[in-house]
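Below is one structure, written out as structure tokens, with a few remarks after it.
The values are calculated or read from the model by the stated rules, or taken from the named source; none is laboratory data. Because the structure is predicted, anything quoted here is derived from the model rather than measured. For neighbour counting, all protein chains shown are included, and Cβ atoms are generated from backbone atoms with ideal geometry for every residue, glycine included.
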Protein chains: 2
Amino acid sequence: MLAVERRLKVLERVAEDQAIEVSTLARDFQVSEMTIRRDLRRLERDGFVRRTYGGATTHLVRTFEVGANARTLRHAKEKRLIARCAAELTVGVRSMFLGIGTTVEHFARLLPVREDLMVITPSLAVASLLGTRNVRVIIAGGLVRQDELTCIGASAVEAVRRYNTDTAVIGAAGLSARRGVTELDDRDADVIRGGLERTERIIVIADGTKFGNVAMSTVVPVEQVSVIVTDASADPDEITRIESAGCEVVVCSAETAATRAARNAAREIRGSA
Amino acid sequence: MLAVERRLKVLERVAEDQAIEVSTLARDFQVSEMTIRRDLRRLERDGFVRRTYGGATTHLVRTFEVGANARTLRHAKEKRLIARCAAELTVGVRSMFLGIGTTVEHFARLLPVREDLMVITPSLAVASLLGTRNVRVIIAGGLVRQDELTCIGASAVEAVRRYNTDTAVIGAAGLSARRGVTELDDRDADVIRGGLERTERIIVIADGTKFGNVAMSTVVPVEQVSVIVTDASADPDEITRIESAGCEVVVCSAETAATRAARNAAREIRGSA
DNA sequence: AGGCAGAGTTGAACATAATCGAACACCAGT
DNA sequence: ACTGGTGTTCGATTATGTTCAACTCTGCCT
């Protein structure tokens, strides 16, 4: 195989899988890992892929798939689990505000696509994810935050405040009964707060490690949150405190997800018959 | 077998397989590799194939079914060349409007990063590309067009019209003296037109295949365009017509790009010394 | 939390293999 | 003898593989 041909195929694989390992490519193309690294370096130089430790990801969709970076990888299993549970809570919702962060991105990936669904978000990653599928997406607009690729600033806040939504699904850097839902970046917090202004129901999705954390900016107190979806690793005491503040907490487990998946599959089969 | 006959068959093989090795051809035609190289060199000179290390590929690279990435790869070499030339025209520019399309994405990839640069764009891809680097990016906002991931609609138009820019760099689906810069989607055209409203200089980047094309929506007549950057494959007659309308046309060639690269390298070496 | 060890990954440097093109020799047909 | 095509040789270039010290990540231990 020609070198150029291989490079093209490597790019094809990266684009297909969103993220791929050097070792896998080396095995599949029957060349040394060093060669793959050189190919990837070249593709990166030309801006086609993004190099990561041990592999590469597509440039645009950096956060789409597990393996993109350490943060996305972290608790990916839990996040997917949570995202799947949360997706079931939004059946029938017509308009949604989606926040930012890897958990929300997982949610966006697992959201069943419906043509009549309208989504507004300040996250470029979420917008890209849903925009390529059959969902009407509105992106906030405004200044793009460098590391997270989220829209921030006055015009972003103004944009998200214009829309009335049935449900908002947001992530959280910290989650506690005392300080509520907190974010690390106050500019992000401003925008999310704006998105929550005209929504009927707030769903927070956060893995267990976020419980008890307090980040700098409070987005919303738990009293205003309808449901928090998390996994079994969440601190039970904090859950109790949050629940006593009047906020429902749903703890997902692998079994319930599996059960639900089976049920959904059965429903689909019935539906298509 | 006659030499001309063999050359024809070589071309056939290249077209058939998209990419093929010199060694394979030499074996199949029972001639030395040197002869095949001479054949390929000749075919390349005449524009039929593209020579690569160890073989040759079709000029149109490959037809991938990878969605957006396939399109990005088409004429990628020309687009990179054009993008690199255009990047040199924007040295010192402080604020820029960037349009949509793969050529503009290439431009965004190859744009030298400067912290004092401000970019406004309706393209999620461009925003993602530059947002991860050290550039201040403003994304238009509004409805996200499904297949292209561009911001469209009234609020997107409104957003891009708010900013004053030194230079606008846009692509084109079609480019002709009669109909000017044209786009396929009128909603995209509306947004781009908005972005051009408050700019001092309009640069159009388009590979040669766009010359003479007319797409549905006219974005801007050539009279208002400052510079068009293209490659050597552009129709010379159309270039003449456009130039007589008062618009400068820069035709990039690999040599000038190579020369420039060498010059830049020399400058860097001198600079770092 | 934080430090540490070990496994895995990286890129530089060097070695090897494949490929390239220039130059020259050869051959057939004119 | 001239021309166009071809094969061969050889130094230069390019691609690839290997080794190794440095680095990164992860999980374990405190």
Of the conditions (1) surrounded by 22 or more Cβ atoms within 10 Å (Cβ to Cβ); (2) within 14 Å of B:Thr103 (Cβ to Cβ), B:Ala173 clears all except one; give me its number.
(1)
Flagged in the range A:74-90 as aliphatic (A, V, I, L, M) and modelled with pLDDT under 75, in numbering order, are A:Ala76
With A:Arg71, A:Arg62, A:Arg27 as the choices, which residue is exposed (fewer than 15 other Cβ atoms within 10 Å of the Cβ) and at pLDDT below 80?
A:Arg71
Tally up the residues in the range A:1-30 that are touching a helix residue (DSSP H, G or I) at 6+ places or on another chain (Cβ under 6 Å) and within 13 Å of DNA strand D (Cβ to nearest atom), please.
7
Does any residue in the range A:8-36 that is within 19 Å of B:Ala19 (Cβ to Cβ) come within less than 9 Å, Cβ to Cβ, of a residue that is acidic (Asp, Glu) and within 12 Å of DNA strand D (Cβ to nearest atom) six or more places away or on a different chain, and which pairs are these?
A:Val10/A:Asp39; A:Leu11/A:Asp39; A:Leu25/A:Glu33; A:Leu25/A:Asp39; A:Phe29/A:Asp39; A:Val31/A:Asp39
Looking at the range A:139-182, which of its residues are outside any loop (DSSP other than H, G, I, E, B), closer than 30 Å to A:Thr240 by Cα and under 15 Å from the mean Cα position of the chain (by Cα)?
A:Ala168, A:Val169, A:Ile170
Read through the list (1) more than 7 Å from chain B (Cβ to nearest Cβ); (2) crowded, with 21+ Cβ neighbours inside 10 Å, then give the number of the only condition that A:Asp186 fails.
(2)
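Given the criteria touching a Leu at 6+ places or on another chain (Cβ under 7 Å) and within 14 Å of chain A (Cβ to nearest Cβ), does B:Ser128 qualify?
yes
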Just checking, does the range A:31-53 include any residue being within 11 Å of chain B (Cβ to nearest Cβ) and near DNA strand D (Cβ under 9 Å from one of its atoms)?
no
Give A:Leu149, A:Leu117, A:Leu110, A:Leu143 a once-over and let me know the one that is facing chain B (nearest Cβ under 7 Å) and either surrounded by fewer than 24 Cβ atoms within 10 Å (Cβ to Cβ) or of a type in the set (D, E, K, R) (or both).
A:Leu143
Just wondering, is there one or more residues in the range A:102-120 that are modelled with pLDDT under 90, acidic (Asp, Glu) and farther than 21 Å from A:Arg50 by Cα?
yes
Just wondering, is there one or more residues in the range B:15-22 that are away from DNA strand C (no atom under 11 Å from the Cβ), surrounded by fewer than 14 Cβ atoms within 10 Å (Cβ to Cβ) and modelled with pLDDT under 80?
yes
Those residues of the range A:91-128 which are in a helix (DSSP H, G or I) and in contact with a strand residue (DSSP E or B) (Cβ under 9 Å, 6 or more places away or on another chain) amount to A:Thr103, A:Val104, A:Glu105, A:His106, A:Phe107, A:Ala108, A:Leu124, A:Ala125, A:Val126, A:Ala127, A:Ser128
If I filter the range A:40-58 for residues that are in contact with a Lys or Arg (Cβ under 6 Å, 6 or more places away or on another chain), assigned to a helix (DSSP H, G or I), modelled with pLDDT of 90 or more and more than 11 Å from DNA strand C (Cβ to nearest atom), do I get at least one hit?
no
